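Notes to accompany the following structure.
The values are calculated or read from the model by the stated rules, or taken from the named source; none is laboratory data. No experiment lies behind these values; they were computed from the predicted model shown. Here the Cβ positions follow ideal geometry from the backbone for every residue, glycine too, while neighbour counts run over all protein chains shown. Keep in mind that these areas ignore ligands, DNA and RNA; they rest on the heavy atoms of the full protein, side chains included. Shrake-Rupley method; radii C 1.70, N 1.55, O 1.52, S 1.80 Å.
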Amino acid sequence: MADRDEPVAAPDEVLVDVLAAPITPLDLLCATGTSYFGVPATPGVQGVGTVDGRAVWFPTSAGMAAGDGSMTSKAVARQEDLVFLPDGVQPAPMAALGLSAVAAHMALTW
């Protein structure tokens, strides 16, 4: 594990306290150097965490653009990309289910 400075959020971003981050196929491609997106400084293209005490699912730019990912204690995410989760959600299973579960949740609640 490497020590890093706490990330700084831009005006349209928020700082997420990360609770769980899955390893996705894109993370594996980036880690092995076989993705044309490059190797992020901190991997992790998505995760579950909290913002202002509320549980959220969030994507990061890791592996797709410059920026750090979700496999850290604090990550940066765009405010508009956050998906607020129901109270009591378990972070690790939600992170493991990932974007598919978020899409299903959104389809049922919007």
- Rounded to the nearest 10 degrees, what's the angle between the helix 91-109 long axis and the longest principal axis of the chain, both from Cα atoms, 0 to 90? 50 degrees
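Please report, as a whole percent, how much of the solvent-accessible surface of segment 1-59 comes from carbon and sulfur atoms (probe radius 1.4 Å).
Values: 2080 of 3630 Å².
It is 57 percent, rounded to a whole number.
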- Per principal axis, largest first, the Cα atoms of segment 1-97 extend in Å by 38, 29, 26
- Task: List the residues whose amide H sits under 5 Å from the amide H of residue 13, counting only those 5 or more places along or on another chain, with H placed 1.01 Å from N in the peptide plane.
- Result: 79
- If you plug each phi of segment 40-54 into the Karplus form 6.51 cos²θ - 1.76 cosθ + 1.60 with θ = phi - 60°, what whole-Hz ³J(HN,Hα) values come out, in order, with x for Gly and Pro? x, 4, 10, x, x, 8, 7, x, 10, x, 10, 10, 6, x, 9
- With the chain treated as a Gaussian network of Cα nodes joined by springs under 10 Å, which of 21, 96, 62 yields the largest mean-square fluctuation? 96
- Message: Please list, ordered by chain and number, the residues whose modelled amide H lies under 5 Å from the amide H of residue 55; skip anything fewer than 5 residues away on the same chain.
- Response: 85
- Query: If you find the alpha carbon centre of segment 1-50 and of segment 57-109, how far apart are they in angstrom?
  - Reply: 11 Å
- Amide H to amide H, which residues 5 or more places from residue 24 or on other chains are under 5 Å from it, using H placed in the peptide plane? 45
- Query: FRET efficiency for residue 51 and residue 104, Cβ-Cβ distance as r, R0 = 22 Å, nearest 0.05?
  - Reply: 0.55
- Cα-centre dipole for segment 1-81 with unit charges at Cβ (Lys and Arg positive, Asp and Glu negative), debye to 20: 220 debye
- Task: At 1.4 Å probe size, with no ligands or nucleic acids counted, give the accessible surface of residue 80 in Å², nearest ten.
- Result: 140 Å²
- Solvent exposure of the chain as accessible area per residue, Å², 1.4 Å probe: 61 Å²
- Using θ = phi - 60° and Karplus 6.51 cos²θ - 1.76 cosθ + 1.60, couplings along segment 77-89 (whole Hz; Gly, Pro as x): 9, 6, 3, 5, 8, 5, 10, 6, 9, x, 4, x, 5
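Which of the trypsin sites (Lys or Arg not before Pro) found in the chain are loop residues per DSSP with 14 or fewer other Cβ atoms within 10 Å of their Cβ? Before the final figure, lay out the partial values.
Working: sites: 4, 54, 74, 78; in loops: 4.
Listed in order of number, the matching sites are 4.
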